[in-house]
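The values are calculated or read from the model by the stated rules, or taken from the named source; none is laboratory data. Because the structure is predicted, anything quoted here is derived from the model rather than measured. Don't worry about glycine lacking a Cβ; one is built from the backbone with ideal geometry, like all the others, and counts go over all protein chains shown.
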Amino acid sequence: MGTVTLINNETGEKFEFDLIDCKRGPKAIDFSKLFETAGIFSYDPGYGSTAGCKSTVSYINGKEGQLLYKGIPIQEIVEKYNFTDVAKLLITGEAPKDKAESEAFDLELRHRSFLHEGLINIFSAFPDNAHPMANLSSAVAALSTFHFDHKEMEEENDYQTMARRIIAKITTLVAFSYRNAIGAPFIYPDVSRNYVENFLYMLRAYPGGHLKHTLKGEEEITDLEVEAMNKIFVLHADHGQNASTTTVRNVASTGVHPYAAISAGINALWGPAHGGANEKVLVQLNEIGDVKNVNKFIERVKDKSDPFRLMGFGHRVYKSYDPRAKAIKNLKDELNKKGIKMNQRLSEIAEKLEEVALSDDYFIQRGLYPNVDFYSGIILTALKIPVPLFTPIFVIGRMPGWCAQLLEHVKNPQARITRPRQVYIGD
Ligand code: ACO
């Protein structure tokens, strides 16, 4: 551990602060007593240089394009584990030891995936065509009224029940939010199908539980589709102190019900600068319409008099290729080869955009690369997921991360209410 000396050039006073050795990555100055000792505070809008907590959940090295969940590289995670394994890894610190443990955890989630009938009524209050993200955050906040006991959690069992319950129910809530928005009857979970398959089933099935009929019979959900959906969820499971996770922690820091904090996180994720970008990418690709329009589009993106941005590009932490974007791009190509056909036109436009952007000084100088949202929509479209569900899919993926981060916060006796200061510039 080293120290840093702060010299106030106005008064000549010197103050010493400890440097914290992070297990990975650069050191941090412990400024927690800056105000008490030096009578000044730090100004860091957007918190680009500020750590709000200590965490063990995930680690990002933005320069090297590295992401770890609980110390394990994302590339290994995505090959080795399915989504429910990753959920267990994040909320308990340990992945299932074997197939039996993995299946038991998945089964537990399936059995918890049903909603209280009273909660289902809430959907009838929402207008047709309501965005599923709005339905979803409201329904998750309402879930706190049905499971109010999670407001006070004392033992590990309480924490686990809270987390497993919301991870289990979020797929049902997403499916119901969507079906409500299109006026389709709800399809209840089918416990004979695993967590991920069950989600696709609740989206696709007809009343009576039948899947689409073709002349060859019912169009079953394939293993390849389940594998693809699993990988998409896994790649979204946690990502350091991003805006929505920080929102969850901030709201939880007031001692509120955990589902109220998670509902706030869902709202934070909805914004186009964050998880809402995956929906906007598809809109942009369709607007571009043809590879021949890519260069003109990039010129508009670079025009500083226009706030327009290339969606799915750029990241606060990654100044090199986002490893999740790399994995999703590879997944897109792999699925295409294995038989889940991507929309070729959109895929070509996206690849051309990437090619043009990555060789352009504007993007090179600013370290702008594709992020997780750039290619995910193309795969989701091929999986027959409608565009308004792209960000709710992100919600499902991120739920274990939010739970793990929330638990880390509420279990920490030293954690304080989040309360930044301000640089007052008023009268
Ligand atoms: N297109 C064009 N220019 C961009 C883009 C982009 N996508 N992203 C950043 N820039 C430019 C900015 O205009 C700025 O240029 P300047 O230095 O000339 O002013 C510079 O790059 C730095 O951008 P900031 O906005 O300061 O970067 P910040 O870290 O605050 O924002 C963000 C990161 C929000 C992700 C941004 O890159 C962006 O808006 N991207 C598009 C939306 C998107 O894809 N969001 C998803 C992010 S991943 C996730 O949240 C899941």
Selection count where residues are over 30 Å from Tyr318 (Cβ atoms), surrounded by 10 or more Cβ atoms within 10 Å (Cβ to Cβ) and not hydroxyl-bearing (Ser, Thr, Tyr), scope segment 17-41: 5
Segment 307-319 residues that are at positive phi, paired with ones that are within 6 Å of the ligand (Cβ to nearest atom) and of a type outside the set (Gly, Ala, Ser) (beta carbon under 9 Å, 6 or more apart): Gly312/Asn371; Gly312/Val372; Gly312/Asp373; Gly314/Arg366; Gly314/Leu368; Gly314/Asn371
Filter pass, Leu331 being farther than 22 Å from Met133 by Cβ and either at pLDDT 95 or above or under 24 Å from the mean Cα position of the chain (by Cα) (or both): yes
Selection status of Leu67, closer than 30 Å to Gln414 by Cα, assigned by TED's automatic domain parsing to the domain that holds Glu156 and surrounded by 15 or more Cβ atoms within 10 Å (Cβ to Cβ): no
Members of segment 324-365 that are touching a Pro at 6+ places or on another chain (Cβ under 8 Å) and not aliphatic (A, V, I, L, M): Lys329, Glu354
Single residue of Ile425, Ile417, Ile364 found to be surrounded by fewer than 21 Cβ atoms within 10 Å (Cβ to Cβ), over 16 Å from the mean Cα position of the chain (by Cα) and within 13 Å of the ligand (Cβ to nearest atom): Ile364
Selection within segment 317-336 - within 16 Å of the ligand (Cβ to nearest atom) and either more than 14 Å from Leu383 (Cα to Cα) or among the hydroxyl-bearing types (Ser, Thr, Tyr) (or both): Val317, Tyr318, Lys319, Ser320, Tyr321, Asp322, Pro323, Arg324, Ala325, Lys326, Ala327, Lys329
Residue under evaluation Asn157, criteria (1) surrounded by 22 or more Cβ atoms within 10 Å (Cβ to Cβ); (2) assigned to a helix (DSSP H, G or I), criterion not met: (1)
Residues being among the charged types (D, E, K, R), more than 30 Å from Ser138 (Cβ to Cβ) and in a loop (DSSP other than H, G, I, E, B) - total across segment 270-311: 4
The lone exception for Gly339 - which of (1) at pLDDT 95 or above; (2) at positive phi; (3) more than 12 Å from the ligand (Cβ to nearest atom) it fails: (1)
Every residue from segment 265-283 that is touching a residue at least 60 places away in the same chain (Cβ under 8 Å) and either more than 9 Å from the ligand (Cβ to nearest atom) or at positive phi (or both): Gly265, Ile266, Asn267, Trp270, Glu279, Leu282, Val283
Hey, Ala163 touching a residue at least 60 places away in the same chain (Cβ under 8 Å), of a type in the set (Gly, Ala, Ser) and crowded, with 23+ Cβ neighbours inside 10 Å or not: yes
Given (1) more than 10 Å from the ligand (Cβ to nearest atom); (2) aromatic (Phe, Trp, Tyr); (3) free of Cβ contacts under 8 Å to residues at least 24 places away in the same chain, index of the condition Phe297 fails: (3)
Residue within segment 403-413 that is at pLDDT 95 or above and within 16 Å of the ligand (Cβ to nearest atom) present: yes
